[in-house]
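S.K.: Quick one: the structure is below, questions incoming.
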Amino acid sequence: MTDRERELDLVVYGATGFVGKLLADYLARHAPDGVRIGLAGRSAAKLESVRSSLGPRAAEWPVVVANSDDAESLSALAGLTRVVATTVGPYAKYGHGLAAACAEKGTDYVDLTGEVLFVRDSIDANHERARETGARIVHSCGFDSIPSDLGVHVLHEAVQADGAGELTDTTLVVTSMRGGLSGGTIDSMRTQVDVSKKYPALRRLAASPYSLSPDRSQEPDLGKQSDMSLVNGKDIAPEVKGWKAPFVMASYNTRIVRRSNALRDWAYGRKFKYREVMSVGTSPVTPVVAGAVAAGLGGMLLGMAIAPTRYVLDRVLPSPGEGPSEESQRKGHFTMDLYTTTTTGARYTSRVKAKGDPGYSATAVMLGESALSLVLGGDSLPDAAGVLTPASALGDVLVNRLRDSDFEISARKL
């Protein structure tokens with residue numbers, strides 16, 4: 001079946017959820033004319049209600065009823081469209097069937113997952129079949145993990161353009177951020193904690209820095225790569241001040257970036273090491289603050305694993321489907337600066353910066369543009385299929401689309 005023989009170009013699955021509505025609204029306002037879009041979910045009535053709120057450009061969008069526990073409906077959905085963008089998580093609970101259906105039908109797929117174990121399962125179950133059918137199954141196309149993955153991608157491109165060698169020690173610093181973790185992200189963390197608690201082998205897998213790599217035996221032995229360490233800014237780059245705390249999503253994003261390197265035949269380098277941290281100020285008490293942040297992050301994950309504290313956390317942390325007001329979303333922003341030293345001793349930096357709440361409005365832009373990259377990218381996309389990452393599947397096509405959407409994505413020599 002050719003692309004034009006499919007009835008639709010892009011379907012938003014989960015369009016009645018909080019982030020699904022944001023994505024549908026973004027596409028209604030920004031998708032080019034001629035892109036055939038549909039809305040999918042469990043309830044036709046709710047989908048029609050969402051459609052009616054999107055304005056005249058969406059008035060004729062079809063609605064498609066599909067359910068995560070109905071394999072036949074997911075197969076029909078995948079066969080209907082060229083690309084599926086799904087916001088239905090936690091993906092470990094609700095995502096396996098759709099990813100498998102897209103791999104089988106040769107349908108491109110993007111999601112928002114930040115779940116190591118789900119992605120590992122998807123790789124094992126779908127990578128080879130997707131390569132056979134030509135499907136691009138692209139996980140983690142939101143705040144997890146596009147800024148990380150594209151930040152390293154453009155860093156690598158700048159180094160390559162200058163003939164300055166390969167990347168070695170590379171660190172992402174969350175320089176500034178306003179906005180919270182979404183309820184869906186929190187629920188994904190709960191799900192992974194529950195699974196890891198029940199199955200020690202999966203806990204060890206999730207903790208491995210190369211848990212998403214195609215073949216761990218082919219990865220270089222670069223020593224310990226910790227996602228929970230405190231880091232002195234001067235050990236990142238001379239111009240970076242103050243102690244840095246571990247970034248809350250480092251234990252996921254780092255694995256996506258390492259998978260990108262491996263999928264691209266270790267283009268970043270065989271000595272490439274990667275970590276993520278966040279700024280907590282530069283005052284004399286910064287080391288104490290950074291230590292407290294690290295302890296708090298570990299404490300939250302531990303608390304999710306212990307019944308009494310889990311009971312409390314479940315009542316104070318956001319639930320799936322919840323989100324901030326439109327005003328709060330507009331006030332959100334993030335800036336991520338990456339630093340690397342190459343094998344020739346040169347130093348480079350890159351920046352990924354955007355307005356909008358990272359987990360909501362900015363994520364809707366990233367997911368929307370990822371889906372549109374697959375719809376419109378054509379031969380400009382990397383020649384790849386299988387279970388991929390944003391950098392390995394979308395590359396410069398997505399970089400340029402996000403730049404056109406007012407994201408700053410840049411790289412330069414220091």
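S.K.: Please go through (1) at pLDDT 95 or above; (2) open to solvent by 80 Å² or more (accessible area, probe 1.4 Å); (3) touching a helix residue (DSSP H, G or I) at 6+ places or on another chain (Cβ under 9 Å) for residue 1 and return the number of the only condition it doesn't satisfy.
M.R.: (1)
S.K.: For residues that are under 26 Å from the mean Cα position of the chain (by Cα) and either of a type outside the set (Val, Ile, Thr) or under 19 Å from residue 82 (Cβ atoms) (or both), tally how many sit in the stretch 4-50.
M.R.: Final tally of qualifying residues: 32.
S.K.: Just to check your reading of the model, which residue among 201, 206 is in contact with a helix residue (DSSP H, G or I) (Cβ under 7 Å, 6 or more places away or on another chain) and either open to solvent by less than 20 Å² (accessible area, probe 1.4 Å) or part of a helix (DSSP H, G or I) (or both)?
M.R.: The conditions single out 206.
S.K.: Is it the case that the stretch 108-120 has a residue that's farther than 30 Å from residue 408 by Cβ, surrounded by 24 or more Cβ atoms within 10 Å (Cβ to Cβ) and in contact with a helix residue (DSSP H, G or I) (Cβ under 6 Å, 6 or more places away or on another chain)?
M.R.: yes
S.K.: Starting from the stretch 241-265, keep only residues that are in a strand (DSSP E or B), then list their pairs with residues that are polar (S, T, N, Q) whose Cβ atoms are within a distance under 7 Å, requiring at least 6 positions of separation or different chains.
M.R.: Correct list of pairs: 243/232; 243/286; 244/279; 246/229.
S.K.: For the stretch 57-77, check the following and say yes or no: at least one residue is modelled with pLDDT under 95, in a helix (DSSP H, G or I) and closer than 25 Å to residue 401 by Cβ.
M.R.: Looking through the stretch 57-77, none of the residues is modelled with pLDDT under 95, in a helix (DSSP H, G or I) and closer than 25 Å to residue 401 by Cβ.
S.K.: Cβ contacts < 7 Å: first residue over 8 Å from residue 343 (Cβ atoms), restricted to the stretch 155-168; second residue open to solvent by 70 Å² or more (accessible area, probe 1.4 Å) and part of a loop (DSSP other than H, G, I, E, B), any location; separation 6+ or different chain. Result?
M.R.: Matching pairs, first to second residue: 164/344.
S.K.: Please count how many residues of the stretch 228-240 are part of a loop (DSSP other than H, G, I, E, B) and open to solvent by less than 20 Å² (accessible area, probe 1.4 Å).
M.R.: Total satisfying the criteria: 2.
S.K.: Just one of the numbered conditions (1) surrounded by fewer than 19 Cβ atoms within 10 Å (Cβ to Cβ); (2) closer than 21 Å to residue 202 by Cα; (3) not aromatic (Phe, Trp, Tyr) is not true of residue 175; which one?
M.R.: Of the numbered conditions (1) surrounded by fewer than 19 Cβ atoms within 10 Å (Cβ to Cβ); (2) closer than 21 Å to residue 202 by Cα; (3) not aromatic (Phe, Trp, Tyr), the odd one out for residue 175 is (2).
The values are calculated or read from the model by the stated rules, or taken from the named source; none is laboratory data. Since the model is a prediction, treat every value here as computed from it, not as a measurement. We place every Cβ from the backbone using ideal geometry, glycine too, and count neighbours over all the protein chains shown. Remember, those area values only see protein heavy atoms, side chains included, never the ligands or the DNA or RNA. Shrake-Rupley method; radii C 1.70, N 1.55, O 1.52, S 1.80 Å.
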